[in-house]
Every structure is written in C-alpha cells, then in structure tokens.
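What follows is one structure encoded as structure tokens, with my remarks underneath.
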Amino acid sequence: MKRIAIIGGGISGLAAAFELEEQRRAGVELEYTLYESSPRLGGVLRTEKIDGCVVEAGPDSFVTEKPWASDLCHRLGIGDQLIGSNDSHRKTYILTRGRLVEMPDGLMFMVPTKILPTGLSALFSWKTKLRMTRELFHPPRAVDRDESVADFVQRHYGREMVDRLADPLLSGVYGGESATLSVRAVLPRFAEMERTHGSLGRAMFAARKKMGKGPRQSAPALFTSLKDGMQQLAESVRARLSADSLLTNATVQAIQPEAGGWVVSAGMQSDHFGAVLLALPGLAAANVLRLTSSRLADELAAVEYSSSITVGIGYDRDVRHSLPPGFGFLVPRSEGKRLLAATFMHNKFPHRAPEDRALLRCFFAGRNAEQVWSLSDDQIVGIVRNELQQIIGLRAEPLFARVYKWKSAMAQYSVGHLERLERIERLRQQLPGLALAGNAYRGIGVPDCVRSGRDAAKLALQS
Ligand SMILES: Cc1cc2nc3c(=O)[nH]c(=O)nc-3n(C[C@H](O)[C@H](O)[C@H](O)COP(=O)(O)OP(=O)(O)OC[C@H]3O[C@@H](n4cnc5c(N)ncnc54)[C@H](O)[C@@H]3O)c2cc1C
C-alpha cells in the first residue's frame, strides 16, 4: 500500500488529495494524509456571507480560458454552481490624472486590436497612439534572454503604456510590479508573438483572422466563479475526502528521506510515507526541506512573494445606483493613491449581492499593502473610504466593511524565473518520491494551482 503525505491544504493540496482519492476509489492501493497548519482547509480561498452579500477574502474568480478549476468542479458534481461574469456590463476604468477613463474596447491586455476605440481613447496621449501604429511594423525578433514586462512593453509601446496599463493590470493579478516580473513567465504568449511576428498588434490581428475562419461560437464569460463563492470549491473537495486523511492544526516542521521513503515531522509526531507532495508557498516549502537539501531550499526561498489586502465593503441601494457602470477601476501607481483597484462585485457576477446592496472589493498589494499593513482595520477602512471619495465621489456610510490581510501569498515570477524552475526541477529529481505543487512555479491563478496539484499527485503516485 503506497502512503503519500500532502503538506498544505490550500487549493493546490486539495486538488492533489482529490486526485489521490479518485484513484483510491478506482481501486488503486494507496493511503494519503493531508497536513494543514491552520484550523481550516482552503488556504487563501475564503468566503464570508455578510448582510446577504458573498464577500471574497481571497480570490473572487478565475479565468475561464484555463479549464482546470472548472473541470474540477464538474468532477466534484458542482458544475451547476459555476457562474460566469456579466460580460455585457464589462467596463473597466483606469484612473488617469485624477479622473476615471474607460479602457477602450478591443484591448487584449495592452495590445490594441480595434483601431477606432483606441485612437479615440483619452487613456493614451497622441505620442503613445503613434507608437501603437509604428509597432505594427516591428519585425520578428529572436530574444535570447528574459527581461522584465516593463522593458518588453516599453520597447513595443513606450513608457506611458507601462504606467497606465501594464503595471495596473499586473498589480491586479500578481500584486507585483511590471519592472520586476518576467515577461517569459508572466506573458509567455506575448514573448512568443514577438518571436514569430515582431509586432504584437499584427500577431493579434493574425490570430483573430484565424479564429474568424472557424465556426462562430458565442464567447464564454471571461471569468468564472461559484454561486456561493470560491470557498465552495474548497469545501466541495473536502467533503469528498475521507475525514481520517485530513489533519488540521498540523504544521509540518521538516521532511527527510529515510529508508526508501520520507519521514514527515509535525509537532511531536513523525510518520513514514513512500512519497511527499509539498503544496506550499516557496518559503514554506524551503523551510521544511532545509535539512534535506539546502540548495533546493535556497532556490525555493528565492521565489519572491508579495503581500496583499482585500477590503469587502457593502453599501445600500442608493450607492448601487450612483456608481459608474462596469466592473470597477484600476489605479496606476503614478496616481499616488494607496488603493490599486476596486471591483464592483454586484455588477461583475450574479449572486454576489441582493438588489438593494452594492458590494465593493478594494485591493492593496506589494509596496502599497506594506505601507498600510500595520494599521488597524478601522484605519485601513478609513483609507479606502477616503480614496473612494476622491476617485468616485463616494461619501456614503458603508453598511459593513471587512479587512483581510494575506502575508506573502502571491508569488512574483521575477526575471529569470523559468531558469530557476529548471534548477528546482533538477534538484527535485535527485530526491525520489518528492513532488511539488502550488503557486511558486507555473501560474499563480486558481486553475494553475489545481492543475499543479493534480499533476503532482500523479507524479507522487508513480514515484
Ligand atoms: C488576495 C488574493 C487574491 C487573489 N485573487 C485571485 C483571483 O481572483 N483569481 C485567481 O485565479 N487567483 C487569485 N489569487 C491567487 C490564488 O488564489 C492563489 O495563488 C492560490 O489559491 C494558492 O493556492 P495554494 O494552495 O497553492 O496556496 P495557499 O492557498 O497559500 O495554501 C497553502 C496552505 O499551506 C498551509 N501551510 C503553510 N505552511 C505549512 C506547513 N509547514 N505545514 C502544513 N501546512 C502549511 C497554509 O496554512 C495554507 O493553507 C489570489 C490570491 C490572493 C492572496
């Protein structure tokens, strides 16, 4: 009977446990134990129901294009609970010199695919618009080394595009800054487009033309979530696992190879397993591996993380009707605010707030989160209210406000990340029976974490 330990009960570890449970039910002789240091499973997937509103403390949804989280929901039998974003109301604003400017239609990340809306938009100066036109003539380019997203975008569209669009968009996803994030790890498709087409604009037009030739299908919603919130995914996995396999309040201090397997030490207990799957953030994985391989531990610890704060804030019907239409706004760092983004959750998804409520989700990350980290929740809510007043003129008294702090939870794939992953993989292969999953490696989004857990479970089983 193969015994496998999973360390970490976030969505990566839960997806791994689900995979093993399915194999067990299919007749494979195996046993698994999941160790989670906190009292609850789900990691950063946490949802609260407040005043009829579904308030997400961590992720609010995932990108529909990446299928692994939706697939997991279907396998769990909760496919009917999936909800798509209300894309017909999708409008996002960028704070530009103190006022909200709508992102023009047809922008694919920062690549314009519709000439008229971009040409008429107040988001960009004429200089940037001219660069967009010139960009169409960039020849294919073989780049032999990684670079930052900021350098890459600047080469194509200039500095203004970095400040107004690339940086705020990446802050919203990674909580990081385009000056340090790796273009190859974070925007691999764009790096490839540059290699094959040179111009990103031309590459997009070519891709659209190709798509246009196929049978017309209605586009799926851009984002997907669950009716009762993202925690529903974690809870549904937990319900499928055998309760005896789940250890909460169980912090693993170390894992060490011994007698053809691994010894896992948690508190005063040690247990022996054939394989160990670490589903932990980089630094936590490094800490438990330190005694076994200091080189692997150093590489894992070098994957940087940023901290983030979300604030769920509820208002009444009048506020709901007074807000600008759309999904919310992003704030470039150059605007000098502490908030990086606010999402109008009641517009973005159905089932998020009753008709007579407005639900906003406000977001701080990286340097901006560090600046307010040590303040009390009331003080942080005070900053949110003050900046909402400055940005959208919102003065009303909230019905409720909740602050959620996430210390070093979002991985930052800095320049050279893919080379680091190769070194990590070589070192891991020297430790038979060790598998790695989580957001430190090939994607920080929920679907990527689900895929990484599933694949690591298969690897642990084969080892
Ligand atoms: C505020 C925020 C918003 C986000 N928004 C989105 C979004 O909208 N869409 C999206 O797709 N992604 C989003 N993400 C990213 C995504 O949610 C995460 O990358 C993903 O959920 C991480 O899952 P995980 O299981 O790898 O890690 P975690 O959720 O961090 O879980 C790791 C678990 O390991 C446990 N642990 C740590 N050390 C030990 C130990 N020594 N022993 C035992 N257990 C231990 C921890 O307690 C934790 O439960 C967001 C992340 C954050 C923080």
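The values are calculated or read from the model by the stated rules, or taken from the named source; none is laboratory data. Nothing here was measured: the structure is a model prediction, and the numbers come from that model. Counting neighbours? That spans all protein chains shown, and the Cβs are built from the backbone with ideal geometry, glycine included. Accessible surface areas use protein heavy atoms only, side chains included; no ligands, DNA or RNA. Shrake-Rupley method; radii C 1.70, N 1.55, O 1.52, S 1.80 Å.
Data overview
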{"quantity": "Residue satisfying all of: in the range 29-50; in a loop (DSSP other than H, G, I, E, B), in contact with a strand residue (DSSP E or B) (Cβ under 8 Å, 6 or more places away or on another chain) and of a type outside the set (S, T, N, Q); farthest from the ligand (Cβ to nearest atom) among these", "calculated": "E29"}
{"quantity": "First in the range 230-251 and closer than 15 Å to G10 by Cβ, second anywhere and of a type in the set (S, T, N, Q) and surrounded by 16 or more Cβ atoms within 10 Å (Cβ to Cβ), Cβ under 6 Å, 6 or more apart", "calculated": "M230/T47; Q231/T47; T251/S37"}
{"quantity": "Residue count, the range 111-148 (criterion: without any contact (Cβ under 8 Å) to a residue 24 or more places away in the chain, open to solvent by 80 Å² or more (accessible area, probe 1.4 Å) and either in a strand (DSSP E or B) or not aliphatic (A, V, I, L, M) (or both))", "calculated": "4"}
{"quantity": "Conditions (1) within 16 Å of the ligand (Cβ to nearest atom); (2) crowded, with 16+ Cβ neighbours inside 10 Å; (3) part of a loop (DSSP other than H, G, I, E, B); number of the one not met by A16", "calculated": "(3)"}
{"quantity": "Some residue of the range 190-210 being open to solvent by 10 Å² or more (accessible area, probe 1.4 Å) and part of a loop (DSSP other than H, G, I, E, B)", "calculated": "no"}
{"quantity": "Hits in the range 327-344 - residues which are closer than 27 Å to L399 by Cα and within 21 Å of the chain's Cα centre (by Cα)", "calculated": "F327, G328, F329, L330, V331, R338, L339, L340, A341, A342, T343, F344"}
{"quantity": "Extreme residue, most open to solvent (accessible area, probe 1.4 Å), among residues of the range 380-410 that are among the basic types (K, R) and more than 16 Å from the ligand (Cβ to nearest atom)", "calculated": "R395"}
{"quantity": "Condition check for F364: farther than 28 Å from Q81 by Cα and either crowded, with 21+ Cβ neighbours inside 10 Å or not hydrophobic (A, V, I, L, M, F, W, C) (or both)", "calculated": "yes"}
{"quantity": "Pairs with Cβ under 8 Å, 6+ apart, first in the range 160-176 and without any contact (Cβ under 8 Å) to a residue 24 or more places away in the chain, second not in a helix (DSSP H, G or I)", "calculated": "V162/S178; L170/G176; L170/E177; L170/S178; L170/L181"}
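Here is a yes/no grid of residues against (1) surrounded by fewer than 24 Cβ atoms within 10 Å (Cβ to Cβ); (2) more than 9 Å from the ligand (Cβ to nearest atom); (3) among the charged types (D, E, K, R):
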| site | (1), (2), (3) |
| --- | --- |
| R426 | yes, yes, yes |
| Q429 | yes, yes, no |
| A435 | no, yes, no |
| G438 | no, no, no |
| R442 | yes, yes, yes |
| G445 | yes, no, no |
| G453 | no, no, no |
| A456 | no, yes, no |
| L461 | yes, yes, no |
